[in-house]
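Notes follow once the structure below has been shown.
No lab work stands behind these numbers, since they all come straight from the coordinates. Quantities reported herein were computed from a predicted structural model and do not represent experimental measurements. Using ideal geometry, Cβ is built from the backbone for each residue, glycine included, and neighbour counts are taken over all protein chains shown.
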Amino acid sequence: MFLIVAKYLIPNGYRGWAAYPFVFVKYQSDKGNPVFVNHEKIHLRQQLEMLILPFFIWYFLEYFVLLLHFKNANLAYRNISFEREAYSNETDLSYLKKRPFFRFLNYLNIK
């Protein structure tokens, strides 16, 4: 994993994003934030297990479906299965050591 401060690559309202093997952060201080870094590491693991490109396709398809459902960009983003897993486990710094393969599937909102 490579942590890179890239203030202008991060959209407004966000502090970072992961694109294997890089984590781009908006603020230098986030490089030392273990919870934030763990959140992004969870995304790196998700990307690896899905062979990277399919992760991004799924991520954006799920986002657009949720956007149609919620009609609210932030609510749609927060309900993406990958984000739900990362937010739910970001404070558990040992989560990736015990995380089962394809765990994000448990966070799908299928109704």
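Table for the structure above
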read-out: Tally, over region 11-51, of residues that are touching a strand residue (DSSP E or B) at 6+ places or on another chain (Cβ under 9 Å), basic (Lys, Arg) and buried (at least 18 other Cβ atoms within 10 Å of the Cβ); value: 2
read-out: Condition met for Ile80 (within 16 Å of Gly16 (Cβ to Cβ), surrounded by 12 or more Cβ atoms within 10 Å (Cβ to Cβ) and not polar (S, T, N, Q)); value: yes
read-out: Test: Glu62 is within 24 Å of Tyr8 (Cβ to Cβ) and of a type outside the set (Val, Ile, Thr); value: no
read-out: Test: residue in region 1-10 that is under 17 Å from Phe104 (Cα atoms) and either exposed (fewer than 13 other Cβ atoms within 10 Å of the Cβ) or not hydrophobic (A, V, I, L, M, F, W, C) (or both); value: no
read-out: Selection status of Ser94, without any contact (Cβ under 8 Å) to a residue 12 or more places away in the chain and among the hydroxyl-bearing types (Ser, Thr, Tyr); value: yes
